[in-house]
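The values are calculated or read from the model by the stated rules, or taken from the named source; none is laboratory data. No experiment lies behind these values; they were computed from the predicted model shown. Glycine also receives a Cβ, built like all others from the backbone with ideal geometry; neighbour counts cover every protein chain displayed. Just the protein is used for accessible areas: all its heavy atoms, side chains included, with ligands, DNA and RNA removed. Shrake-Rupley method; radii C 1.70, N 1.55, O 1.52, S 1.80 Å.
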Amino acid sequence: GKTHRLTTEVRDAVSAGTAASAVLATTFTTRAAAELVSRARGMLVEAGRRQDAELLLAGRFGTVNSVFGGLLREFAFEGGRSPVTEVIPEERAQALFRMAADVAIGDHADRLQAVAERFGYVEGGGRDVSWRDLVSQVVALSRANGIAPEQLGDSRDRSWLGLESLLEPARRGETAGSLDQALSEAGDAAMRAVGTGDGTKITSSALQRLRDAGAALASGRPLPWQQWAQLAKIKAAKASDPLLDGVRTAAAAPTRHPRLRNDLGAMIRGVFDCAAEALVAFRSYKLARGLVDFSDQEAEALRLLDRPEVTRVLAQRLDLALVDEFQDTSPIQLALFLRIAKIARRNFWVGDP
């Protein structure tokens with residue numbers, strides 16, 4: 001298996017004269033790192049190399065964050081940071097982020113919530129995703145990919161331009177008001193044509209949807225886009241279904257509806273801008289308290305490995321670099337491993353297809 005192969009690589013390297021301190025190995029969990037060291041030491045003891053087995057404890061074995069966090073401490077002054085920094089445990093990081101970013105997120109809440117509700121996302125409404133979840137996803141992805149808050153504006157603009165190109169332009173003379181009115185009139189005409197209905201459950205349900213939509217449109221409130229989509233596919237019993245053709249045609253217009261374009265643009269811009277402000281607030285919060293989290297460690301380590309004076313020293317100290325569970329590597333971790341691959345004399349990575 002993978003662990004056995006990594007273990008034999010360590011044993012063979014040390015047996016061939018590689019100093020234990022010149023071995024770097026990253027694993028996905030602390031437990032896996034301990035198992036790797038334990039097995040390799042056992043193999044060395046069996047081979048009669050007890051002293052090498054003891055020295056193996058000086059190797060750089062651990063999770064990505066512990067290994068690269070160790071490098072940050074080792075080269076703290078070269079990196080312009082204090083060697084004494086409190087690392088936020090993973091289980092506390094999300095709670096601290098919410099605390100630090102609460103004001104930034106709150107500043108966007110009223111506007112984003114109003115738009116989100118038109119897309120059918122209601123806080124606590126049981127939907128799988130809310131606008132707050134979208135903000136959290138952008139924050140997580142930006143950090144995993146090493147994208148600074150100041151760069152999120154580019155991502156926001158690309159996201160909107162990509163989506164906007166898929167929207168159908170409004171036809172000549174169409175406005176938000178005229179499209180709303182066309183749907184309202186089509187609904188009224190369908191209800192008059194169907195009358196009291198044909199007694200079937202499906203037709204009764206269709207009539208209720210038309211009444212709900214009509215009431216919303218008559219009140220001047222924007223009809224949620226979920227209701228537009230439902231009306232575009234509205235069905236009645238066979239005898240009454242042709243009478244709903246006008247509703248289906250009028251409700252098929254939202255992809256060219258000016259208000260949909262505005263809502264989508266507001267949602268995308270709001271989510272990205274909120275994420276950027278939340279990241280800045282979190283960064284300031286940690287800086288003021290001397291805190292770093294795992295993502296900070298990875299980003300700082302990447303900058304550190306771009307410094308020639310650091311890579312020169314590491315090239316003298318590092319003979320073998322091992323990466324376990326490579327399939328779980330994030331983009332920023334891949335960048336770290338590629339930097340190490342240029343420094344270490346030999347590299348060996350394992351993972352599942």
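List of remarks:
- Derived from the Cα gyration tensor, the three semi-axes of the equivalent ellipsoid of region 231-283 are 42, 12, 4 Å, largest first.
- Helix axis angle, 201-218 relative to the chain longest principal axis, alpha carbon, degrees: 90
- Shown here: region 197-350, whose C-alpha atoms stretch 85, 39, 25 Å along the first, second and third principal axes, sorted largest to smallest.
- Compared with the dominant principal axis of the Cα atoms in the chain, helix 30-46 is inclined by about 30°.
- For the chain, the longest principal axis of the Cα atoms and the long axis of helix 308-317 meet at an angle of about 50 degrees.
- Multiplying the residue separation of residue 348 and residue 192 by 0.36 nm and removing their Cα-Cα distance gives an extension gain of 48.7 nm.
- Shape call, region 5-158: gyration tensor on alpha carbons, a/c limit 1.5: prolate
- Remark: spin-label model distance residue 165-residue 307 equals 4.2 nm, labels positioned 7 Å along the Cα→Cβ axis.
- Spherically averaged projected area in nm², based on the convex hull that wraps the Cα atoms of region 140-221: 9.8
- Region 265-326: proportion of alpha-carbon pairs further apart than 18 angstrom, %: 62
- When only Cα pairs below 8 angstrom with a gap of at least 6 residues are kept, the chain shows a relative contact order of 27 percent.
- Surface composition of the chain: carbon and sulfur make up 53 percent of the accessible area, probe 1.4 Å.
- Among the listed options [x] 24.5; [y] 37.0; [z] 23.7, the one matching mean projected area of the Cα convex hull in nm² as calculated from these coordinates is [x].
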